1. Determine the shape class of region 390-440: with a ≥ b ≥ c the square roots of the Cα gyration tensor eigenvalues, call it rounded for a/c under 1.5, and otherwise prolate if a/b is greater than b/c, oblate otherwise.
2. Using alpha-carbon positions, what is the distance between the centroids of region 487-543 and region 343-405, in Å?
3. Stretched out fully, how many nm does the piece from residue 277 to residue 14 gain, at 0.36 nm a residue minus the Cα gap?
4. Using a 1.4 Å probe, how large is the accessible area of residue 60, given in Å² and rounded to the nearest 10?
5. Among rounded, prolate and oblate, which fits region 488-543 when a ≥ b ≥ c are the square roots of the eigenvalues of its C-alpha gyration tensor, a/c under 1.5 means rounded, and a/b larger than b/c means prolate?
6. Compute the label zone of residue 69 within region 3-20: residues whose backbone N is under 20 Å from the point 7 Å along Cα-to-Cβ.
7. What accessible area, in Å² to the nearest ten, does a 1.4 Å probe give for residue 406?
8. Starting from 0.36 nm per residue, how many nanometres of slack lie between residue 163 and residue 454 once their C-alpha separation is accounted for?
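The values are calculated or read from the model by the stated rules, or taken from the named source; none is laboratory data. Nothing here was measured: the structure is a model prediction, and the numbers come from that model. Note: ideal-geometry Cβ built from the backbone for every residue, glycine included; neighbour counts use all protein chains shown. SASA here: full protein model, heavy atoms, side chains in, ligands and nucleic acids out. Shrake-Rupley method; radii C 1.70, N 1.55, O 1.52, S 1.80 Å.
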Amino acid sequence: MSIIKEIHVPDIGDFKGVDVIEVLVAPGDTVEVDSPLIMLESDKASMEVPSPVHGKVRDVKIKVGDKISEGDLILYLDVAESVAAPEPATSGGAASAAGGAGETREVRVPDIGDFKGVPIIEVMVAVGDHVEIDTPLVTLESDKASMEVPSPFAGTVQSLEVKVGDKVSQDDLLLLLAVSGSDTASKPQLPDTLSAVTLGPKARKPTGAPPAPPPPPPAKAPAPADSAAETSFAKVHASPSVRRFARELGVDLTRLAKGSGPKGRILKEDVQSFVKQVMTGAIAPAAAPATGGVAGGGVLNLLPWPTVDFAKFGPIEVKPLSRIKKLSGANLARNWVMIPAVTYHEDADITDLEAFRVQINKENEKGGGAKLTMLAFLIKACVRALQRFPDFNTSLDGDNLIQKQYYNIAFAADTPNGLVVPVVKNADQKGIFDLAKESGELAKKARDGKLGPADMQGACFTISSLGGIGGTYFSPIVNAPEVAILGVNKSVMKPVWDGKQFVPRLILPLSLSADHRVIDGALATRFNVYLAQLLADFRRVLL
Ligand code: CAO
């Protein structure tokens, strides 16, 4: 007899509202313990959620694009009554060689279904390495699937019992791990942790048949449904960990002609070397397609990046870039290359608005109330301008334009570690005080390094305000997949001719960069003029 079991998102650490980027099973599929069910991706990592039990998928409750957190329902499984109750995992096939603290544990090939004599194509650890639970140890590759074997324990690799090229089957000894007393306790959590066995895309695409075992024959392996890019990505020869690594760096693996591994398999080093060559200009970044879809073709034919031995000219110090700088740098470089953006400038007369802001803040100071910021007024005015010019609230998706009907406004925040871009959600539904409070809180969270992925997602339009620092005008880089960004500099008193005389007015310099594939110069200028009118007389926001 079978019963229905709910499968929920396991403990995924501090991640919340993480994007579902792949759903790997469909109703009717049979899944084994540890078969991947879905793939999640935050800006920091991609993770597979494996099935904790064997069963048949009855109903899938999520889809690609959903945002999920720990405890959310993924799907219903028909499971045999005997396995319906939670049980400790057995994957990893580990056995204890000696009990108690500081013991040595054998790590064996876990249940890999019907596979036998599967070649080891990669050994990811060396003697002396410390591994955590789920650290990939080796990659196996049959002609039908590639699989990573993760560590079932945290510990230090004591000896390796296999090497690349060895053929292994279930229960074969892989390595010995020296496990401390506290680490041994970690094992029973495995059913609720991620990726006990990570299968390659060939095996991760079931069509009513079990994902593995037996996996679909390669010729019949269905292509990922999402996009042409995913289809070709699936065809490249690379292990799951390398695919994950490439995805994290935004590298299109199809651009690496051949890897340096056996049978041309792409290794992590190949991806690193590709990125290095792109960053140094030896290889051109992916060229922009006509309509913002998947990159492909076209080479900029740039000169290689100059290699200079700086130490020859004087003392130097090498300082690694912060993680944020590396991440934002890669995004900025892509956006700069791929988006044909034009920057349009406008001056807004904010004399009255600033007087009003100062007046309200003075009144509130006495009562200890919240402070109104120029940024909050800018957010509100931008929402109004987006409503008047909806083309600015879109994203390119291949030959389609996605028209958003919500108004989430991002703002660039300068932090000690680099630039981050938190998002004020549903700004159209919030008052100026709320916008000031929320943007202030987000800016503080940004400076404290506490922004979560959800705080930085879902933006429609970005404001980059350098007003607190100075400057006159600049050219902000459009934050893809948005189509426009507003740069703001410091307001200054300027003499303005009123028809009879020069009068001192407080002028705010605006710099709007817009993707010319979506927004032409006339529309951008209309947007700017309207925005300046709103800021000059904020009553217009109500119209
Ligand atoms: N003109 C004149 N003064 C301005 C101003 C403007 N446009 N904008 C802000 N100010 C004033 C504020 O009123 C404040 O003065 P008081 O302390 O006397 O009230 C002071 O400058 C400091 O403001 P702030 O910049 O700290 O605060 P904010 O709310 O205006 O902005 C934030 C918040 C997060 C946008 C800002 O701190 C920040 O990080 N800006 C940098 C963004 C950035 O790096 N962009 C570049 C991206 S591309 O490299």
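1. Oblate.
2. 12
3. 91.3 nm
4. We get 30 Å² for residue 60.
5. prolate
6. Inside the label zone: 7-20.
7. About 90 Å², ignoring ligands and nucleic acids.
8. Between residue 163 and residue 454, full extension yields 100.6 nm more.
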